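What follows is one structure encoded as structure tokens, with my remarks underneath.
The values are calculated or read from the model by the stated rules, or taken from the named source; none is laboratory data. Since the structure is predicted, the reported quantities are computational estimates derived from the model, not experimental observations. Positions of Cβ are generated from backbone atoms using ideal geometry, with glycine treated the same way; all protein chains shown enter the neighbour counts.
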Amino acid sequence: MTVVLGASDTGKTSLVTRLAGELARQGFRVGVVDADLGQSEIGPPTTIGLGRVDGPLPRLAAAHLEALYFVGATSAAYELRATALGAGAMVARARAAGLDRVLVDTSGLIASGLGRALKDAKIRAIDPDLLICLQRATECEHILARYADAARPGIFRLPALAPGRRRSAEERRRHRHVALAAYFAGARRVEIDLARVAARRDATRPLDGTLVGLLDGTGETLGIGRIAGVDGPRRRLTVETPVAAGAIARVIVGRETYSG
């Protein structure tokens, strides 16, 4: 079990993609957990995705989607506990599936006490054998210091693979928009009983456009949807989603909105 850490634009996803492809080429059964909520490659933004890798990858998004966990935010800063729980749940799914090697790609939130708290929570939930840290200087050392004298996980430091230009906040927002547009292409409107809806945000804010997680009867995330309307008298919620209506047993309301 390997977790890859580093600030934004240090090459974490590129490294995970290369490692996963090479391990698969060598005959290992490989899984990748994409825990970067805002810049997702496996699964849509607001989710943590588990992908299976069967050979060399042109990009991480080419991994076969095995499972999702809906967090409901595009930044772990707003859902630290849920992000750690989701990462742990997807790693557990990978282990249960008998995958030989599992790589976890993380977000670039590493600065200050919040970054340390997030990474510590993920590491506790995942219990990795190895941390690979990509750094431009020493920006991850406040996270790694906790594990310096521990028997596990081992620590392997690398210089950033992409030390040049960093993407702007607008570029990252655009990436999320494009990813969500692709996900909702061909979505249909379905009606859901409000008794199935659980909130994970301020219910006094307008709901239209809010992203929701759609779960089956066992609590597994089937996908996401976008609220298109609420009919209070009929106690019905209208959601746009590519998920089949008959499979939806529960809805979790997230923090993010998407206007299309």
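A few points about this structure:
- Some residue of the stretch 96-117 being assigned by TED's automatic domain parsing to the domain that holds G38, buried (at least 18 other Cβ atoms within 10 Å of the Cβ), hydroxyl-bearing (S, T, Y) and in contact with a strand residue (DSSP E or B) (Cβ under 9 Å, 6 or more places away or on another chain): yes
- Top-ranked residue of the stretch 215-227 - restricted to ones that are free of Cβ contacts under 8 Å to residues at least 40 places away in the same chain and surrounded by 18 or more Cβ atoms within 10 Å (Cβ to Cβ), ranked as farthest from L50 (Cα to Cα): I227
- Residues located in the stretch 146-158, provided they are modelled with pLDDT of 95 or more and surrounded by fewer than 14 Cβ atoms within 10 Å (Cβ to Cβ): G154, F156
- So G88, is it out of contact with any Pro (no Cβ under 6 Å at 6 or more places or on another chain) and on the phi > 0 side of the Ramachandran plot: no
- Boolean, A73 is part of a loop (DSSP other than H, G, I, E, B) and either in the same structural domain as L19 (by TED's automatic domain parsing) or among the hydroxyl-bearing types (S, T, Y) (or both): yes
- Test: residue in the stretch 23-44 that is touching a strand residue (DSSP E or B) at 6+ places or on another chain (Cβ under 6 Å), touching a residue at least 12 places away in the same chain (Cβ under 8 Å) and assigned to a helix (DSSP H, G or I): yes
- Filter result for G115 (free of Cβ contacts under 8 Å to residues at least 40 places away in the same chain and either of a type in the set (V, I, T) or under 23 Å from C140 (Cβ atoms) (or both)): yes
- Those residues of the stretch 87-122 which are of a type in the set (V, I, T) and within 15 Å of the chain's Cα centre (by Cα), in sequence order: V91, V102, V104, T106
- Within the stretch 129-145, tally of residues that are surrounded by fewer than 20 Cβ atoms within 10 Å (Cβ to Cβ) and in contact with a Ser or Thr (Cβ under 8 Å, 6 or more places away or on another chain): 4
- Single unsatisfied condition, E66 versus (1) closer than 22 Å to T241 by Cβ; (2) in a loop (DSSP other than H, G, I, E, B); (3) among the acidic types (D, E): (2)
- All of (1) assigned by TED's automatic domain parsing to the domain that holds V33; (2) in contact with a Phe, Trp or Tyr (Cβ under 9 Å, 6 or more places away or on another chain); (3) among the hydrophobic types (A, V, I, L, M, F, W, C) hold for A150 with one exception: (2).
- Of the residues in the stretch 1-21, not one is under 11 Å from the mean Cα position of the chain (by Cα) and among the acidic types (D, E).
- Whether a residue is of a type in the set (D, E, K, R) and modelled with pLDDT of 95 or more was assessed, and D105 passes this test.
- Filtered residues of the stretch 62-81 (kept if among the acidic types (D, E) and modelled with pLDDT of 95 or more): E66
- From the options R201, R189, R205, residue that is surrounded by fewer than 14 Cβ atoms within 10 Å (Cβ to Cβ), modelled with pLDDT under 90 and basic (K, R): R205
- Restricting the stretch 1-31 to residues that are out of contact with any Ser or Thr (no Cβ under 8 Å at 6 or more places or on another chain) and β-branched (V, I, T), the residue that is nearest to L222 (Cα to Cα): V30
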